[in-house]
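Data first, discussion second: the structure below is written as structure tokens.
The values are calculated or read from the model by the stated rules, or taken from the named source; none is laboratory data. Fair warning: this is a prediction, and the values are worked out from it, not measured in the lab. Every residue, glycine among them, receives a Cβ derived from its backbone with ideal geometry; neighbour counts consider all protein chains shown. Accessible surface is based on the protein model in full, side chains and every heavy atom, while ligands, DNA and RNA are left aside. Shrake-Rupley method; radii C 1.70, N 1.55, O 1.52, S 1.80 Å.
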Amino acid sequence: MLIPVEDGPAVVACNTCRMSKDSREDETGARGGARLVKALNDAKASDERYAGIAVQEMPCLFACTDHCTVHLRAPGKVGYVLGRFTPDDDAARAILDYAVHYADSEHGRVPFKQWPQGVKGHFITRTPPAGFVAE
């Protein structure tokens with residue numbers, strides 16, 4: 001049931017997420033999550049700033065009411081679930097831009113002034129790393 005992946009900074013995207021609050025799929029039958037995974041991979045491949053961030057995917061992060069969700073995680077850091085994205089290049093770049101700051105942070109906290117505009121208002125939860133709780 002579990003698939004081993006690289007244990008470093010990663011954006012784990014739900015590849016089965018709804019397209020939007022009101023639609024499961026786009027006009028071609030593609031799920032929003034699959035489109036967001038593609039946008040994340042395309043953005044990562046086009047910009048070396050994102051080289052240290054893995055893009056990983058899995059079906060269903062159980063955040064179905066918050067379509068197009070991702071889990072941002074790294075060993076020893078607070079993790080975040082973000083959602084309600086439009087699955088496009090702008091969202092992918094905002095997520096990856098935030099992920100770069102996140103990876104560079106000591107404990108996963110990124111100062112608000114460094115947040116890309118495209119992630120503001122998209123945070124759903126934060127999760128403590130194994131063996132810790134946040135202050």
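Numbers at a glance
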item	result
Residues of region 116-135 classified as at positive phi and open to solvent by less than 70 Å² (accessible area, probe 1.4 Å), total	1
Filtered residue count, region 15-52, keeping only those that are touching a strand residue (DSSP E or B) at 6+ places or on another chain (Cβ under 6 Å) and under 17 Å from residue 96 (Cα atoms)	7
Filter pass, residue 43 being of a type outside the set (Val, Ile, Thr) and either under 26 Å from residue 134 (Cα atoms) or touching a residue at least 60 places away in the same chain (Cβ under 8 Å) (or both)	no
Which listed residue, of 52, 83, is of a type outside the set (Lys, Arg), within 19 Å of residue 22 (Cα to Cα) and at pLDDT 95 or above	83
Condition check for residue 26: open to solvent by 30 Å² or more (accessible area, probe 1.4 Å), over 13 Å from the mean Cα position of the chain (by Cα) and acidic (Asp, Glu)	no
Residue 88 open to solvent by less than 60 Å² (accessible area, probe 1.4 Å), within 24 Å of residue 128 (Cα to Cα), among the charged types (D, E, K, R) and in contact (Cβ under 8 Å) with a residue 12 or more places away in the chain	no
Residue within region 2-12 that is open to solvent by 80 Å² or more (accessible area, probe 1.4 Å), closer than 22 Å to residue 97 by Cα and of a type in the set (Asp, Glu) present	yes
Any chance residue 31 is farther than 23 Å from residue 4 by Cα, among the basic types (Lys, Arg) and touching a Lys or Arg at 6+ places or on another chain (Cβ under 6 Å)	no
Output for region 54-65, where each listed residue is open to solvent by less than 30 Å² (accessible area, probe 1.4 Å) and farther than 18 Å from residue 41 by Cα	63
Candidate set from region 116-135 (those that are modelled with pLDDT under 95 and among the aliphatic types (A, V, I, L, M)); member that is nearest to residue 74 (Cα to Cα)	130
Test: residue in region 105-115 that is outside any loop (DSSP other than H, G, I, E, B), modelled with pLDDT of 95 or more and open to solvent by less than 70 Å² (accessible area, probe 1.4 Å)	no
Out of 44, 21, sole residue that is surrounded by fewer than 20 Cβ atoms within 10 Å (Cβ to Cβ) and charged (D, E, K, R)	21
